[in-house]
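The structure under discussion appears below in the form of structure tokens.
The values are calculated or read from the model by the stated rules, or taken from the named source; none is laboratory data. Given the structure is predicted, the values throughout are model-derived calculations rather than measurements. Positions of Cβ are generated from backbone atoms using ideal geometry, with glycine treated the same way; all protein chains shown enter the neighbour counts.
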Amino acid sequence: MTPILVILAASLVSAGPQAFDSPKYGLKVQIPEDWSIAAREQDDQVFVAIIPQKDFERPGAVACELGIAPESLEDYRARIDKSAQRGGRASGKLALNRVVKGAGGERLETIWEFHPDSGGFWREISARLIANRQLYTFILNVEDSTYAQARPLFDQIVSSARFTPPNTGADLLARSSNRWIQREYKFALDLPMGWAPALAPSSVALLFASGEPHGVWSDNVLVLAHARRDLDLEKLVKELPDQLRGEAPGCEVVSCKIVPHGEARALETIVKTTRGPFSMTVLERRFRGERFDYEVKYTVESKRFDEGLPGFRKSLESFKETPGPIAAPPAGKSA
């Protein structure tokens, strides 16, 4: 073993733990001390840490990403297998994909092997776990010479994980109507029964909520807000369909019309589109509030849309700003 690899192996084996705690994302783990944390709590990334390797310009990485939980890990496993059969990932081969049952519950372990154009042999190991309606994906990506030392430390990270409900920014107001309030921006919304807020996949959304999963997909709703501006609904009726077709070629604009919304009006659109293997229908309303201009979007698998439409519209009509001061929109919000 060359001197640099001796030093690297020693650092990987002797590294002590550093506590990483993210109440917002509902995760607490122990990360090796020498794996420096490079990013935390950014959109769907809970954390990213850098792993030193023999080529200092090509370090390895360990990360955790947050998503909406599938109906089961077996559903997700089958999705990965199908993706691999269709060609998988560039320069990569699926080496392992299995659901493992352990003392802490089930997890889905997936290993991709890569021979990148830049050289070397890399492995990407993912361990997926479900907790509190969320999917936590732990990822290790290292070169082969690092793998033997890094893999046990990665397994220790996964074993050390402790989960709590993430901070969705919403509190339950009325269980009978499933009414929730966004505590920072002071608006309330009735969700369909069985739905609940989840951590938003993007910092742009003020509120994100999902229904019960169907396979790997969960129907969802999100609330966006913008500083008040000239909201010309009549102009939008004429221009928005072409804008939507430009953003998603092949989508079908089913309807685009002005509808009553409480004591005011809203622009309601229904659009059918595809996302990967799924046929989706999006119901959206744009309207003016006392504080902001809002967009509320339901994205639903098309086969369930018609049945759920009355409930989605009832939910949209329940939207109401509530009294009280609000904080200034943080960086990255569209409000």
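Quick notes
- Residues that are in contact with a Lys or Arg (Cβ under 7 Å, 6 or more places away or on another chain), modelled with pLDDT under 95 and small (Gly, Ala, Ser), drawn from the stretch 247-274: Ala264
- Condition check for Pro241 on (1) more than 21 Å from the chain's Cα centre (by Cα); (2) at pLDDT 95 or above: one failure, at (2).
- Test: Asp117 is closer than 15 Å to Ala61 by Cα and assigned by TED's automatic domain parsing to the domain that holds Arg58: no
- Scope the stretch 189-222; condition in a strand (DSSP E or B) and either touching a Ser or Thr at 6+ places or on another chain (Cβ under 6 Å) or within 18 Å of Phe319 (Cα to Cα) (or both); matching residues: Leu189, Asp190, Ala196, Pro197, Leu207, Phe208, Ala209, Ser210, Asn220, Val221, Leu222
- Within the stretch 225-258, the set of residues being farther than 19 Å from Phe292 by Cα, surrounded by 12 or more Cβ atoms within 10 Å (Cβ to Cβ) and either of a type in the set (S, T, N, Q) or touching an Asp or Glu at 6+ places or on another chain (Cβ under 8 Å) (or both) comprises just one member, Cys256.
- Here Arg58, Arg89, Arg98, Arg79 are screened, and the one residue that is within 20 Å of the chain's Cα centre (by Cα) and at negative phi is Arg79.
Listed here are the residues, each with its yes/no results for (1) hydrophobic (A, V, I, L, M, F, W, C); (2) within 28 Å of the chain's Cα centre (by Cα); (3) modelled with pLDDT under 95.
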| site | (1), (2), (3) |
| --- | --- |
| Gln18 | no, yes, yes |
| Asp21 | no, yes, no |
| Glu33 | no, yes, yes |
| Val46 | yes, yes, no |
| Glu65 | no, yes, no |
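- Just one of (1) in a loop (DSSP other than H, G, I, E, B); (2) small (Gly, Ala, Ser); (3) within 21 Å of the chain's Cα centre (by Cα) fails for Ala225. It is (1).
- Residue within the stretch 103-118 that is over 25 Å from Phe278 (Cα atoms), free of Cβ contacts under 8 Å to residues at least 12 places away in the same chain and under 24 Å from the mean Cα position of the chain (by Cα) present: no
- Unique residue being within 29 Å of His214 (Cα to Cα), modelled with pLDDT of 95 or more and within 25 Å of the chain's Cα centre (by Cα) when the list is Phe278, Phe305: Phe305
- Only residues that are assigned to a strand (DSSP E or B), loosely packed, with under 15 Cβ neighbours inside 10 Å and not acidic (Asp, Glu) were counted in the stretch 18-39, giving 5.
- Residue check, Pro310 of a type outside the set (S, T, N, Q) and under 28 Å from Trp217 (Cα atoms): yes
- Test set (1) surrounded by 15 or more Cβ atoms within 10 Å (Cβ to Cβ); (2) in a loop (DSSP other than H, G, I, E, B) - Ser177 fails condition number: (1)
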